2 protein chains.
Amino acid sequence: MTEREKIIEILLSEEYFYIISHMLPDGDSVGSLLAMGEGLRRIGKKVRLFTPGQIPGKYHFLQGSEAVVQDVLITDPEITTIVLDSSDPDRLGVFKDAVMKSKIIINIDHHVTNQRFGTLDLVDASAAATGEIIYGILKEMNVEFNKSIAEALYVAISTDTGSFKYENTTSNTHLVVASLLDMGLNPGTISQKIFDERPLSFYILLKEALATLELYERRSMAVMTLSNDIRERSGASSDDLDGIINYTRNIEGVELGVLFYVESDSEVKVGFRSKVLDVSELADRLNGGGHVRAAGCRLQGDFQSVKEKVMAEACKMLKNTKA
Amino acid sequence: MTEREKIIEILLSEEYFYIISHMLPDGDSVGSLLAMGEGLRRIGKKVRLFTPGQIPGKYHFLQGSEAVVQDVLITDPEITTIVLDSSDPDRLGVFKDAVMKSKIIINIDHHVTNQRFGTLDLVDASAAATGEIIYGILKEMNVEFNKSIAEALYVAISTDTGSFKYENTTSNTHLVVASLLDMGLNPGTISQKIFDERPLSFYILLKEALATLELYERRSMAVMTLSNDIRERSGASSDDLDGIINYTRNIEGVELGVLFYVESDSEVKVGFRSKVLDVSELADRLNGGGHVRAAGCRLQGDFQSVKEKVMAEACKMLKNTKA
């Protein structure tokens, strides 16, 4: 019996479940949580859903999102706990200890770095989203889908693939979504909500950022600069800030995008984005970390000295790549 | 025999074809053109491809795009001409007269407004893109797909659906794309090229536009203003301009986005975007036209008087909607 088969057996035989996903909830964690919850409910199970963190407003239209609990801890270790989309227990924040005391932990995830902390682990790194794995499990359990499940899984999969633009998108991803759309979803309305809309403060911050745009190394490096002061003045949240940095990379001909975010007189956060370069290496050399195409670091010092240090490393990297 | 069957019969029986798509080529017209051309070539046909207009640089990575002819006219009326993605013959620009002299015109399109000007018309408004129709035809003709065909059709379908975000995206759209990805495409690389990259001039223009942002009617209407002068100074093309207006609509809470583009002292172009309102009505009242969520008009007069007139109509519309 595979781990997957064992998981399905438990899901079918037990009556009560806790389901939880990671802190700083995103589309995949929220969508997977709601779909798994509703799916189990539809075959007569009793479930309680948890997240260690507020669900962002743009996902509030998903049915059941209002009933997800952030502030009541998991209490009964006898109840099987399903952990979704969380590569390690630290991602569960204040819920970590309670979850890890559960007699049975079912760990379902698509991150290749998953630490397999569950009693049973289903980790499929070929899935574009945890929602894609949940789809397969619910189908195998013969759960009858409704619009709520379909919408939740659509949000899970479309957000983790950047609306099917990222390279994690596979043929199976599209097959799953084809079947979800058959439940009568409107991809136009949902996508407008989860992708295109941004608060006014975001655009004010973007204007400030674009005003600082500089290009280096024959226009292959784009640099923008923001500060905590400017962010606060614009009314923007740190969530708004996240969207700004991609504007550096999206300029034609730019290989490396850099955003300096001046936290204070003595600390600067630096974000890196690239099209093909490995910026995790660059971040690594500056005591930071991250992914191949999105990484960053946090450096002590005033803005000018930090900028000089980072620019020197960045230029070296670009020159080595061209050589 | 349906029109579709007759078309397939001709495609299988004839030896020579001209294929042409519309002026101001976009992803669907270019992708459909190249896929149809390569598909017919693979079953031994001889084809020549035409467009009345330069293919934008972001599509030059598509194989065969360099061999599409813009400046040599169609000459032989005996050769069957396939017209793609063009709702009426005017969309064929300088090629119009030559095409309309062809003995057999095969007209394949997904625009509901198609004027059925062909000898044989295959108009399927339920298809998200003309590329989706071409996929079905080539499959039915048992054309063996290669990576070039798959990439061309992927570009056709993904651009006309805004990467599967628009409401024209259906279950079938995703099924088709699932099968295209099986040919070994990398959706990440292609999408970066066709969606995310913009020239530097675009971002300079965006900065200028954001600096003019105004909100009206309790933040339900966003207005930006640009001028021909500013566009020229930023080095931006009119193609760049097209991307700017969507920024008005994408602000949270905004129902109606308006972009004033001051062409000269006596002429102003006005663009409208909405989330749910019918802006084609609004444009209509100002002697313009367009689609439900994207429309526009061109008004004579100086900027101030045009703005007053447009704002009065726009506010009236917003008030009526709320009532």
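For segment B:189-296, pairs of C-alpha atoms spaced more than 17 angstrom apart make up 55 percent of the total. In nanometres and ascending order, the distances from the A:N246 label point to those of the other copies are 1.1 (point 7 Å from Cα along Cα→Cβ). In the frame of its principal axes, segment B:3-196 has Cα extents of 42, 32, 32 Å, reported largest first. Dipole orientation for segment B:180-323: of the candidates B:G290, B:G235, B:G188, B:G290 has the Cα lying most toward the positive pole (charges on Cβ; Lys, Arg +1; Asp, Glu -1).
What percentage of all Cα-Cα pairs in the protein assembly as shown are separated by more than 48 Å? Mind dumping the intermediate values first?
Numbers: 40778 of 208335 pairs.
Roughly 20 percent, once rounded to a whole number.
Among DSSP bridges having both ends in chain A, what percentage is antiparallel? Round to the nearest 5. Around 45 percent antiparallel, to the nearest 5. Between the Cα long axis of helix B:200-210 and the first principal axis of chain B there is an angle of about 30°, rounded to the nearest 10. Remark: label point of B:D278 defined 7 Å out from Cα along the Cα-Cβ vector; separations to the same position in other copies 5.7 nm, ascending.
Of all DSSP bridge pairs formed entirely within segment A:200-322, close to 75 percent run antiparallel.
Counting other C-beta atoms within 10 Å, and keeping those with at most 14, which DSSP coil chymotrypsin sites (Phe, Trp or Tyr not before Pro) do you find in segment B:1-94?
Working: sites: B:Y16, B:F17, B:Y18, B:F50, B:Y59, B:F61; in loops: B:F61.
Loop-located and lightly packed - B:F61.
Sorted from closest to farthest, the other copies place their A:H60 label points 4.8 nm away, with each point set 7 Å from Cα along Cα→Cβ. DSSP assigns beta bridges within the protein assembly as shown; of those with both partners inside it, close to 45 percent run antiparallel.
Close amide H partners of B:L226, meaning residues 5 or more places away or on another chain with modelled amide H under 5 Å apart, are B:F260, B:Y261, B:V262. For trypsin sites (Lys or Arg not before Pro), the sites in segment B:87-122 that DSSP calls loop and that have at most 12 other Cβ atoms within 10 Å are B:K103.
What value, in deg cm²/dmol to 500, does the helix sum -39500 (n - 2.57) over DSSP H runs of n ≥ 4 give at 222 nm once divided by the residues of the protein assembly as shown? It comes out at -11500 deg cm²/dmol, rounded to the nearest 500. For segment A:1-96, the list of GluC sites (Glu not before Pro) that fall in a loop by DSSP and count at most 13 other C-beta atoms within 10 angstrom reads A:E15, A:E78. Computed from phi, the 3J(HN,Hα) profile of segment B:65-81 under the Karplus parametrisation 6.51, -1.76, 1.60 (θ = phi - 60°) reads 5, 6, 9, 6, 9, 10, 10, 9, 7, 5, 10, 10, x, 6, 8, 4, 10 Hz, with x in place of Gly and Pro. Look at the stretch A:43-53: the mean tally of other chain Cβ atoms within 10 Å of its residues' Cβ atoms is 0.
When the convex hull of the Cα atoms of segment B:111-189 is projected onto a plane and the area is averaged over all directions, what value comes out in nm²? Average projection, Cα convex hull of segment B:111-189: 5.7 nm².
Here segment A:3-196 is assigned +1 on the Cβ of each Lys and Arg and -1 on the Cβ of each Asp and Glu. Its dipole about the Cα centre then comes out at about 280 debye. Hey, what angle do you get for helix A:130-140 against the long axis of chain A, alpha-carbon based, 0 to 90 degrees rounded to 10? Approximately 20 degrees, to the nearest 10.
Each reported figure results from applying straightforward, stated rules to the coordinates on display, with no laboratory input. This one's a predicted model, so the numbers in the text were calculated from it and none came from an experiment. Ideal geometry is used to build each Cβ from the backbone, glycine not excepted, and the neighbour counts take in all protein chains shown.
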